[in-house]
Every structure is written in structure tokens, then in C-alpha cells.
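Here the structure comes first, spelled out in C-alpha cells, and everything after it is commentary.
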Amino acid sequence: MSVYVDVSAAVHAKAGLSRYATNLVHALVPLLGDQLALFQNSLGKCGPLDGLADVPVSGTSLGYRPWRAAVLAAQALHLSSARLAPGARVFHATEHLLPPVKAPTVMTVHDLIFELYPHYHRLPNYVYLKAAMPLYCRRAGRIIAVSQATRHDLLERYGLAEDKIVVVPEAAAPHFAPATPEEIERVRIKFNLHGRYIVAVGTLEPRKNIANLALACGPLFQRGLAEMLVVVGARGWLFEDAMRQISSLPWSNRVLMPGYVTDQDLVALYSGAMLTVQPSYYEGFGLPVLEAMACGSPVCASNTSSLPEVGGDAAEYFDPQRIESMVGTLERVADDDELRAQMRCRGLERAKAYSWEATARQTVAVYQQLAPEIVLYA
């Protein structure tokens, strides 16, 4: 008897989905022991995950795109296969892809951005998700929503039974903690950072609203409240307009875009930042908010979707649709040392309220709703 957890997103390092799958499965190991098994596509071509070499792995050799198409076709035709996850008692799909396995299924839904902001998706991806997600949500035995905001969207859009959806939040990984002065100085030298800087983290795509953040930083640069904006994250889809807008700003030379950085560097960047900003129009959870708080960085965020839910009273908020609102909040926080000190303290306490151990325990409780014989070892 096995609980299979799909770690394909982690193996393929798919941004926030990778963090979710990686942190969750590591936290599940002591709770499930030999009941735990892993599933992935592109089997034999990549993996295993660090520290999980002893956990059995099953799956398919198909790459991501062929596998994605095969899953939708199989679900639409009511096909299933026990070979995908032999001996499965529960199968957990950690991204928006529910394979046709012969076992009760749990699917994590991170967001419904494609429904709310279809123009922020490439057309093929939008068409696929529009066809697949309602079907996958109906077929899943239970759905884990990472926030109340995502749960609300699922209920509103798909009319699912309320007791089918369980909210289980994410958390910052344990290594997100205030860095030493030596580590902060190291990343300052590595990235050539001068003076007080602002950090934003996320894959560069339209909903992240990075171009407007760069525009809003102009008044802070002019007043000497900040020297640089550091945007951490790989380039995603439809990023070209944002790049053009940023490059056209008179202060574009103050916007540093190093792309992906290691977690070691990210912890130090958060820790040394005057503040961290999450300017997204929409987030299913907004993990960088908790990561930054865990590192002692004051956080300013959009007042939309899940972000006030995650940040609580530890963050300051703005309307992401209005540049003047963003500027006002950033200036107020940047210009008030005492306020930032209070935000640091509140943020550290807020981050402590979330942990991957708690997330894993709540996740196992969802598995046990479908398979009561699953044993919690620790």
C-alpha cells in the first residue's frame, strides 16, 4: 500500500510548484515512512530529488507536453491504468494535472489565474486549462486549495461541493531565516548592490506587475529612499512588454534582474533588503511574502487575492492597479524606520505560524479521509 505524490514539478524545477512539491514530500517522509512513493513524468531522464533516493519512484517516460496531452485524453475517455502507480492507496497530484490512476485521488489547486486573467496566458495553455481543470476538479476525490482565496474561486467557478475542498496553506522552508551580516555583504558584492535596495521575487510574467513596480520605484529613487530594485526570477511567458517598459524608464539602470538565484543568495537578498514587494495582480498563495518575512524583511504587497490572507497585519498593502497607491505605500514604509522595525518583528512572528510539518500533517489528514488505513508514523 502506497501514497503516491507527484513530484514532476519539483524534478523539472517549475518555479513555485517546484517549491511546493519539494517541501511537501520532504515533510511527508517522517510522517508516512515506507507508505510514501513518488510519481514523475520523464522517468529515467531526470531525478531523483535530493535526499529522496531511497523513496520508490514510478511514473512514465513521456516528457511534460506529451504526458499532459495523454492525461487529458485519458480522463476525457474515462481510461485508467494501475501501471502508473502500482499498489496505490491514494494518489496526490501536486500540480494541475490529474493522471488516470486506479486509486482515490487528491489534487492541489494553486490558483485559477487562467480563468480570472485569461489574457495573461498563452492561447494554447489557456485552451488546455479551460478544458482540463473543470474535468480534473470533478474527478479528484479531494481538492487541496493553498488559500481561502483559491477555495473561493473554485467554489464560484466550478460549483464544487464545499466539503470536497480543504484549505492547506504553504510555508517558508526552514532555511529561510535572517542571514548573517557576512552573507548579506557577500550578495551585495556578488550583485553589485549599493545603498538601500528593494526586492521582488517571481517569474517574470504579466500578472506579476513588475513593470509597474519599477515605475513606482522612481519617486523613491528621486527622494533617495532607495537606490535599487532587484527583481529575482526567471523569464516566463509574455514577458516582452514588461522588459520594454522597464528599459524605457529613466532609472532602468537601477533595476537589476539577475534571473534565477540560489536559495542561499535569495535568503541573503531578502535579509539585506530595505523591503520586499509583492505587486502581483493575483496570487494563489504568494510564498515570497512568507519567505521574506521569515528572513526579517518588511513586506509590502497588493491588497488582492490571497496576499492579505497570507501577510495578515504584518504587511502593508496597496492597490496594484493604481500606481499612486503603490508609490504612497512604498514611500510611507521606506521613509519610516520605526514602522519597518515593527513590520520586521510582526513578519518574523507571522512566518512562524506556518510550517511544512503542519502542512504535511494536514495533507495526510486529507489522505486519511479517502483511505483511513493510512498510518501517521510521527
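The values are calculated or read from the model by the stated rules, or taken from the named source; none is laboratory data. Keep in mind that what you see is a predicted model, and the values were worked out from it rather than measured. Note that we place each Cβ from the backbone using ideal geometry, even for glycine, and neighbour counts take in every protein chain shown. Side chains included, ligands, DNA and RNA excluded: accessible areas come from the protein's heavy atoms. Shrake-Rupley method; radii C 1.70, N 1.55, O 1.52, S 1.80 Å.
Sort largest first and round to whole Å: the equivalent ellipsoid semi-axes of the chain, each the square root of five times a Cα gyration tensor eigenvalue.
Numbers: eigenvalues 273, 97, 73 Å².
Ellipsoid semi-axes (Å, largest first): 37, 22, 19.
Considering only the other residues whose Cβ falls under 11 Å of the Cβ of residue 281, what net charge follows from Lys and Arg at +1 and Asp and Glu at -1?
Counting the neighbours of residue 281, the net charge comes to -1.
Taking the Cα centre of the chain as origin, work out the dipole magnitude from +1 charges on Lys and Arg Cβ and -1 charges on Asp and Glu Cβ, in debye rounded to 20. Could the numbers behind the result be given before it?
On the way: 34 positive and 36 negative charges, 231 e Å.
Once rounded to the nearest 20, the dipole reads 1100 debye.
Work from the charge dipole of segment 54-189 (Cβ charges, +1 for Lys and Arg, -1 for Asp and Glu, about the Cα centre) and give the residue of 101, 146, 79 farthest towards its positive end.
79
Relative to the present Cα-Cα distance, how much length would full extension add between residue 222 and residue 102 at 0.36 nm per residue of separation? Before the final figure, lay out each step's value.
Values: separation 120, 0.36 × 120 = 43.20 nm, distance 6.11 nm.
Here the segment from residue 222 to residue 102 would lengthen by 37.1 nm.
So what are the radius of gyration and Dmax for the Cα set of segment 187-344, in Å?
Cα radius of gyration and Dmax of segment 187-344 are 13.9, 39 Å respectively.
Would you mind working out the accessible area per residue for segment 67-224, using a 1.4 Å probe, and quoting it in Å²? Show your work: numbers first, answer last.
Working: 6530 Å² over 158 residues.
It amounts to 41 Å² per residue over segment 67-224.
Where does segment 67-185 land on Rg/Rh, using Cα atoms and the Kirkwood Rh?
Values: Rg = 17.3 Å, Rh = 16.0 Å.
So for segment 67-185, dividing Rg by the Kirkwood Rh gives 1.08.
Accessible area of residue 130, 1.4 Å probe, to the nearest 10 Å²?
Counting only protein heavy atoms, residue 130 exposes about 90 Å² to solvent.
On C-alpha positions alone, give me the angle between the axis of helix 181-191 and the longest principal axis of the chain, in degrees, nearest 10.
The angle comes out at about 90 degrees.
Let me check against my output: what whole-number percent is the relative contact order of the chain, with C-alpha pairs under 8 Å and at least 6 apart? Spell out each step's value before the answer.
Values: 724 pairs, mean separation 61.8, N = 378.
16 percent.
How much of the accessible area of segment 1-155, probe 1.4 Å, is carbon plus sulfur, in whole percent?
Values: 3500 of 6170 Å².
Carbon and sulfur: 57 percent of the exposed surface of segment 1-155.
What is the calculated FRET efficiency for residue 235 to residue 116, with r their C-beta to C-beta distance and R₀ = 25 Å, to the nearest 0.05?
Values: r = 22 Å, r/R0 = 0.89.
It comes to 0.65.
What residue among 194, 78, 175 has the largest mean-square fluctuation in a Gaussian network model of the chain, using Cα springs under 10 Å?
Highest fluctuation of the listed residues: 78.
Can you figure out the FRET efficiency of residue 324 with residue 70, using R₀ = 41 Å and their beta-carbon distance, to the nearest 0.05? Before the final figure, lay out the partial values.
Values: r = 49 Å, r/R0 = 1.19.
For residue 324 and residue 70, the calculated efficiency is 0.25.
Projected onto the charge dipole of segment 269-378 (+1 at Lys/Arg Cβ, -1 at Asp/Glu Cβ, origin at the Cα centre), which of 358, 295, 274 gives the Cα projection farthest towards the positive end?
358
Give me the three principal axis extents of segment 253-340 from the C-alpha atoms, as integers in angstrom, largest value leading.
Taking the Cα atoms of segment 253-340, the three principal extents are 31, 30, 28 Å.
At a 1.4 Å probe radius, carbon and sulfur cover how many percent of the accessible area of segment 283-352? Mind showing how you got there, number by number?
Values: 1140 of 2490 Å².
Taking all protein chains in place, segment 283-352 shows 46 percent carbon and sulfur surface.
Quick one: the Cα spread of segment 5-117 along its three principal axes, in angstroms, biggest first?
The Cα atoms of segment 5-117 stretch 35, 33, 26 Å along the principal axes, largest first.
Below 14 angstrom from the Cβ of residue 371, what's the summed charge of the other residues (Lys, Arg +1; Asp, Glu -1)?
On the way: positive: 89, 102, 142; negative: 373.
Around residue 371, the surrounding residues sum to +2.
Using alpha carbon centroids, what distance separates segment 26-90 and segment 302-358, in Å?
If we compute the Cα centre of each part, the gap is 37 Å.
Mind checking which aspartates and glutamates have their Cα closer than 19 Å to the Cα of residue 164? Skip sequence neighbours fewer than 8 apart in that chain.
95, 111, 153, 156
What value, in deg cm²/dmol to 500, does the helix sum -39500 (n - 2.57) over DSSP H runs of n ≥ 4 give at 222 nm once divided by the residues of the chain?
On the way: 15 runs with 166 residues, N = 378.
Counting only the DSSP helices, I get -13500 deg cm²/dmol.
Need one word for segment 167-222: rounded, prolate or oblate. Basis is the Cα gyration tensor (sqrt eigenvalues a ≥ b ≥ c); a/c below 1.5 gives rounded, then a/b vs b/c decides. Working shown, then result.
Working: a/c = 2.41, a/b = 1.02, b/c = 2.35.
Taking the square roots of the gyration eigenvalues as a ≥ b ≥ c, segment 167-222 is oblate.
Give me the one-decimal nm value for the distance between modelled label points at residue 247 and residue 127, 7 Å along each residue's Cα-to-Cβ direction.
Those two pseudo-labels are separated by 3.0 nm.
Assuming R0 = 30 Å, what is the FRET efficiency of residue 335 and residue 256, from their Cβ-Cβ distance, to the nearest 0.05?
Details: r = 22 Å, r/R0 = 0.74.
Calculated transfer efficiency: 0.85.
Using a probe radius of 1.4 Å on heavy atoms only, what accessible surface per residue do you get for segment 228-365? Whole Å² is fine. Could the numbers behind the result be given before it?
On the way: 5300 Å² over 138 residues.
Value for segment 228-365: 38 Å² per residue.
So how do 251, 67 rank on accessible area, 1.4 Å probe, biggest first, that is with the largest at the start? Walk me through the numbers on the way to the answer.
Numbers: 251 45, 67 15 Å².
The ranking, largest first, comes out as 251, 67.
Given a 10 angstrom Cα cut-off, can you work out which residue in 307, 269, 62 is the most mobile in a GNM of the chain?
62
For 198, 189, write out the residues from largest to smallest accessible area, computed with a 1.4 angstrom probe and no ligands counted. Working shown, then result.
Details: 198 0, 189 120 Å².
If we order 198, 189 from most to least accessible, we get 189, 198.
Any idea how far the Cα center of segment 118-149 sits from the one of segment 239-296, in Å?
Using only Cα atoms to place each centre, the spacing works out to 26 Å.
Only Cα pairs within less than 10 Å get springs; with that Gaussian network setup on the chain, which residue of 162, 331, 309 has the largest fluctuation?
162
For segment 72-161, what is the relative contact order in percent, using Cα pairs closer than 8 Å and at least 6 residues apart in sequence? Walk me through the numbers before you get to the answer.
Details: 106 pairs, mean separation 24.0, N = 90.
Across segment 72-161, relative contact order equals 27 percent.
Stretch residue 188-residue 378 to full length: gain in nm at 0.36 nm per residue minus the Cα-Cα span? Numbers along the way, then the final one.
Numbers: separation 190, 0.36 × 190 = 68.40 nm, distance 4.14 nm.
Stretched out fully, the residue 188 to residue 378 stretch lengthens by 64.3 nm.
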